[in-house]
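The values are calculated or read from the model by the stated rules, or taken from the named source; none is laboratory data. Here the structure is a predicted model, which means the values were calculated and not measured. Note: areas computed on protein heavy atoms with side chains; ligands, DNA, RNA excluded. Shrake-Rupley method; radii C 1.70, N 1.55, O 1.52, S 1.80 Å.
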Amino acid sequence: MKKYPALTLLALLGIAPHLGRSAEIPHLQRQGSSTQLVVDGKAFLILGGELHNSSSGTAAQADSVLPRLAHANVNTVLAPVSWELIEPAEGAFDFTVIDHWVAEARVEHMHIVILWFGSWKNGASSYVPAWVKADSRRFPRAVGGDGRQMEVLSTLSMNNRDADAKAFRALMQHVRETDSAQHTVLMVQVENEVGVFTSTRDRSAEADRAFASAVPDSLISDLRQHPGRFTPELARAWTGNGGTWSAAFGGGAAASEIFMAWEYASYIGQVTAAGKAQYPLPMYVNAQLPAPHERPGEYPSGGAHPYYLEVWRAAAPAIDFYSPDVYWSDFDHWCDRYTENGNPFFVPEARNDVGPYWAYYAFGEARAFGFSPFAIDDVPDLALRPDETAKNPIAGSYAVLGELAGLLPQAQAEGRTRGVLVSVGNPRGSQTVALGGFLFQASLARSYPANAIEQDNGAMLVLQEGDGDFLIAGSALRVTVSNDPEKTSAPAGIASVEEGVIENGRWRTLTRPNGDEDNQGHTLFLGAHKFTLLRVRVYQLAQ
């Protein structure tokens with residue numbers, strides 16, 4: 001474990017004054033067609049990575065993990081902070097480990113998003129303190145579909161909620177006292193992938209009584225006031241009536257899932273509000289997404305899925321936004337669902353293998369302010385670009401996205417970005433996006449002369465700099481450019497292509513792949529097994 005001199009440690013923890021920082025704490029700001037995370041007065045893009053669930057439980061782990069991640073171009077680590085870690089004995093708080101993680105993050109010029117593993121983590125209550133686990137009378141549990149008590153804290157218990165809220169409030173008070181001048185900690189995820197397994201809802205006697213009672217007036221009022229925010233799933237379930245949950249939501253699985261959504265949201269909303277009363281950082285809730293054809297209870301019923309987010313909003317106004325943990329191949333579908341109704345878009349967990357490519361779609365098309373593959377601590381200690389990025393695609397992906405970080409937020413806000421994902425499983429074989437009067441059609445790169453697909457996944461982010469001027473970043477695609485017939489009938493072509501890097505805000509050309517390398521002005525090539533940044537000028541023939 002690294003040792004810090006006493007005065008240095010005080011400064012690192014924000015106890016000493018820190019010059020050059022904005023007095024504003026990190027916050028969300030709607031800007032045009034996107035929402036930005038503002039840190040020290042500037043829009044900040046999270047090029048993140050989430051740790052394994054038990055990778056942040058000791059100070060020594062910080063010393064090992066954070067330098068490697070910084071070397072791999074990760075600027076923000078999503079680190080679990082568990083209830084059992086900070087309150088091992090009731091009322092006795094210990095923040096030694098999280099303090100060391102924050103201190104080491106500052107040394108590496110990184111930020112942290114705290115993942116509060118309080119009452120629930122992946123639907124279970126495995127990270128609560130032993131004094132909670134051992135006392136099911138004081139801290140009651142939910143009951144599963146088989147009638148058995150589960151090791152899952154009940155959402156209907158005030159004791160459970162208040163104990164969680166007390167611990168979370170203490171954590172946020174400590175973060176304010178030690179980090180409000182530094183802003184190393186950017187946001188907080190409250191709980192993790194909540195929901196009931198084995199059944200559509202909690203089957204305890206208390207839950208049965210609540211389910212048979214009238215739906216709260218506040219939820220009925222919200223739904224009647226905001227029909228324009230209904231998802232198709234909520235519209236199908238809502239009868240327009242009050243009464244019991246079954247009467248209001250048509251009975252069956254939908255009524256049970258909406259009931260659990262209300263219970264989880266009410267509980268987590270109050271925990272969130274308790275923390276925000278101490279230090280109001282942006283706070284969000286994540287969700288484990290259903291696999292194809294899964295039913296509630298097979299996926300965690302009542303979690304923050306897109307279907308019933310209006311119920312969550314009504315119950316928990318303190319929560320700022322909701323985020324998907326995406327492990328299924330239809331990444332673009334979940335981007336669409338979680339940007340509905342202006343929900344700020346952030347991906348806290350994604351597959352580690354294809355995440356480097358998904359990030360380009362998230363930033364370009366969904367206008368995310370952050371992206372984070374899971375198990376980031378598995379990334380090897382490499383950050384070389386571009387020739388060795390095949391060994392570490394996350395480092396290569398983030399190297400290029402990091403160069404664009406100064407341009408992306410404003411371009412997102414002004415609608416000057418598009419994103420493309422193409423994979424071998426795509427039945428169309430190509431994707432086309434329109435921007436600035438031109439069409440960009442992307443298909444997977446193929447080898448020459450064998451014409452074999454070189455890589456299973458390809459991605460592209462297009463950023464319009466000006467009339468006919470674009471930055472195009474990505475990997476493993478061949479891209480044709482043509483006129484957008486919705487704008488003009490004039491034929492279009494590629495005037496020039498430069499491959500390069502952005503250093504200190506300035507473009508530096510590495511090569512000029514024109515002629516044979518751009519198919520005589522018809523095609524752009526983003527090579528496989530690396531990430532490339534091109535500066536492209538496109539022209540239209542005068543008519």
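Here are the numbers for this structure:
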{"item": "Mean separation of Cα contacts under 8 Å (6+ apart) over length of the chain, as relative contact order %", "result": "13 percent"}
{"item": "For segment 202-332, accessible area per residue (1.4 Å probe, heavy atoms of protein chains only), Å²", "result": "36 Å²"}
{"item": "Descending semi-axes in Å of segment 167-272, equivalent ellipsoid built from Cα gyration tensor", "result": "33, 17, 12"}
{"item": "Relative contact order [Cα under 8 Å, 6+ residues apart], segment 233-376, whole percent", "result": "19 percent"}
{"item": "Zero-based 10 Å bins, Cα pair distances in segment 262-351, whole percents", "result": "17, 48, 30, 5, 0"}
{"item": "On Cα atoms only, tilt of 393-404 relative to the major axis of the chain in degrees", "result": "70 degrees"}
{"item": "Distribution of pairwise C-alpha distances over segment 434-543, 10 Å bins, in %", "result": "15, 47, 31, 7, 0"}
{"item": "Degrees, to the nearest 10: 96-107 long Cα axis against longest axis of the chain", "result": "20 degrees"}
{"item": "Angle in degrees between helix 355-364 and the longest Cα principal axis of the chain, rounded to the nearest 10", "result": "80 degrees"}
{"item": "Residue 529 long-range amide H proximity, modeled H, under 5 Å", "result": "476"}
{"item": "Residue-averaged 222 nm ellipticity for the chain, from DSSP H runs of 4+ at -39500 (n - 2.57), nearest 500", "result": "-8500 deg cm²/dmol"}
{"item": "Carbon/sulfur fraction of accessible area - the chain, other protein chains in place, 1.4 Å, %", "result": "50 percent"}
{"item": "Geometric extent, Cα atoms of segment 38-166 - Rg, Dmax (angstrom)", "result": "17.2, 53"}
{"item": "Fraction of antiparallel bridges per DSSP, the chain only, in percent to nearest 5", "result": "65 percent"}
{"item": "Relative pair counts by distance (%), Cα atoms of the chain, 10 Å bins", "result": "4, 18, 26, 24, 17, 9, 2, 0, 0"}
